[in-house]
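Novice: One structure, as structure tokens, below. Some questions next.
Throughout, read-outs are computed from the coordinates displayed, never taken from laboratory work. Predicted model only: the values in this text are computed from it and were never measured. Because the Cβ atoms are built from the backbone with ideal geometry, glycine has one as well, and the counts that use them run over all protein chains shown.
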Ligand code: GDP
């Protein structure tokens, strides 16, 4: 018969992992009693070891779901905390310490919690039992205990002593039963005494006649009866227990000695139940009966729950299988795939364009600094229709000044640190793209994976950074000394810088338009007119204009200055555009007239050379290593628990996984219940035939 209990306990444990409780569980034996009633001693006598937290202060803050598993062929006795994954613990004092720690982990202000600690004990000396140890009832709160503690414990116990659980109500013989909190609580939920076992401890502390009186007390009659016990661990056995020995037999011996020395009171003629051994048998028997009685109802509840889970799986998830591993593998594959797509469309031409654009901007800055700044004041006066070059200082190819001016500009361009600049630009472009790919991938909702991916890319890019920028810098070195330009290059440069100037012109005009839209055409015109008059000396500005001038606020003056600058720059660029297009700039021989074209050619040469090395040193390396680095950081290297944690970061995936898990668990339990019923059926048949 005991096989059934074991199987039912196993089913109960699986159902526990599915959670929820309610009808979706099998009954257990719930142990309640006041503090110091001897509750721990009874449990330890059944287990045969001291393992429960002790101390003057209340230490049981969480229910302990105790599963005892009889292992007849094994010698070793050990405990396991299935939720903690600590493995087998053979030292029961370590179990005791772990339980104490788990209890103490509950914050003091929370007092108690109904989140149970699961503990399984395997031993050849324990019966198959499932018991729940609850915090002991207290009468008055201790001085470092919160006042609401008493009520919280009572509420917690009330939750667990509901049907169909069996109640093991512990009371001490030396306390009037009428005052037993355990029996009072039990009576409230089980008034007819149908599922309560009364345990009277400390029988040795009262006179045997009084002891008999207590056991035969009929004020609260119990169908399952009262059992008197003496669970004090004998002194000598106490020493053994410290050595890790099983103390059951020592307790039983001591107990038997007591009861058999008072045959008048505890002999069979009085029909009272005494002794821990009697209690064990009663517990096994009652638990099996109760569990078996609940089995059909639990089965129905499981079938219903399974139908719901199956329906949810079908409707919400289209019966699509999923595991944390497959989810990660798919996510990683599709991310790598999108990365591959990106790598195919971001190659040399794209890097070249990116880099050239950056250098074009540098060229524009250089031109503004070395060439365009001078004539700006004059230009503002010069009518645009007039000879655009009239006001530029006359260029003289033979003049050293003009040669030096272009040489200095060229040298500034070649020495601006192209290696670093180019590497930075490309590396950050790659990083940006990786970020965009993350955003568009399933990893978007996984902070853990995001970090791993970003780390993977930045570690490669950082690794390559210095050698790449050094290489690039080395390779452009010749340009720092001499630059030869042929006619072909010249005309290409001339065309390109024309485009650049045009887009710069557009940008200037657009910025000007924005100012105009913000301030209003008239107002802007007025303030610009005022600034122009100041510049010509027609008006004298009092102070520096920071407090406003000419009836314009300081902010407006500032905007006006910006507008004047943009207008002048725009005019200047228009003029330079004409110059670039003019015959004078048609030929490389006239390079001193046309610094724009020459610098563009230089920028182009720098770009081509840099791209060559960036492609080899950075791009190819990155494209090769990044997917491998991803595999290392997110693939095989992760442990099952990490993969699970990763997958569960996404609430949608979590729900999907949960429903599958739930379904599998319920199917497993149902299978077990069916085979149990068959077993039961066979044993009944066997009984009737035999
Ligand atoms: P709990 O607070 O209800 O868990 O009570 P304990 O099991 O810690 O027992 C409280 C005290 O009563 C301890 O000092 C035990 O040694 C003692 N005790 C428990 N059972 C018996 C018993 O049957 N006889 C005697 N004499 N003492 C007992």
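Novice: Considering only C-alpha atoms, what is the centroid distance from segment 156-170 to segment 201-216, in Å?
Specialist: After rounding, the separation between the Cα centres reads 25 Å.
Novice: With the cut-off at 1.5 for a/c, could you classify segment 202-328 from its C-alpha gyration tensor as rounded, prolate or oblate?
Specialist: The shape class here is oblate.
Novice: Using only Cα atoms, what is the ratio of the radius of gyration of segment 552-654 to 2.2 N^0.38 Å?
Specialist: Output field value: 2.19.
Novice: Could you give the distance between the Cα centres of segment 624-662 and segment 29-92, to the whole Å?
Specialist: With segment 624-662 and segment 29-92 each reduced to a Cα centre, they are spaced 36 Å.
Novice: Another question, then. What does the highest-first list of 30-43, 549-562 look like by mean Cβ count within 10 Å?
Specialist: Highest mean packing first, the order is 30-43, 549-562.
Novice: Another one. Calculate the FRET efficiency for residue 179 and residue 296 from the Cβ-Cβ distance with a Förster distance of 35 Å, rounded to the nearest 0.05.
Specialist: 0.35
Novice: Extent of segment 1-132 along each principal axis, from alpha carbon coordinates, in Å, largest to smallest?
Specialist: Largest first, segment 1-132 extends 44, 35, 30 Å along its Cα principal axes.
Novice: Can you grab the distance from the C-alpha centre of segment 493-507 to the C-alpha centre of segment 564-581, Å, no decimals?
Specialist: First find each Cα centre; the distance between them is then 11 Å.
Novice: Share of antiparallel DSSP beta bridges in the chain, in percent to the nearest 5?
Specialist: The antiparallel fraction comes to roughly 25 percent.
Novice: Continuing with the same structure: Specify whether the C-alpha gyration tensor of segment 453-526 places it in the rounded, prolate or oblate class, a ≥ b ≥ c being the square roots of the eigenvalues: rounded for a/c under 1.5, otherwise prolate if a/b is larger than b/c and oblate if not.
Specialist: Judged from the Cα gyration tensor, segment 453-526 comes out oblate (a/c at least 1.5, b/c at or above a/b).
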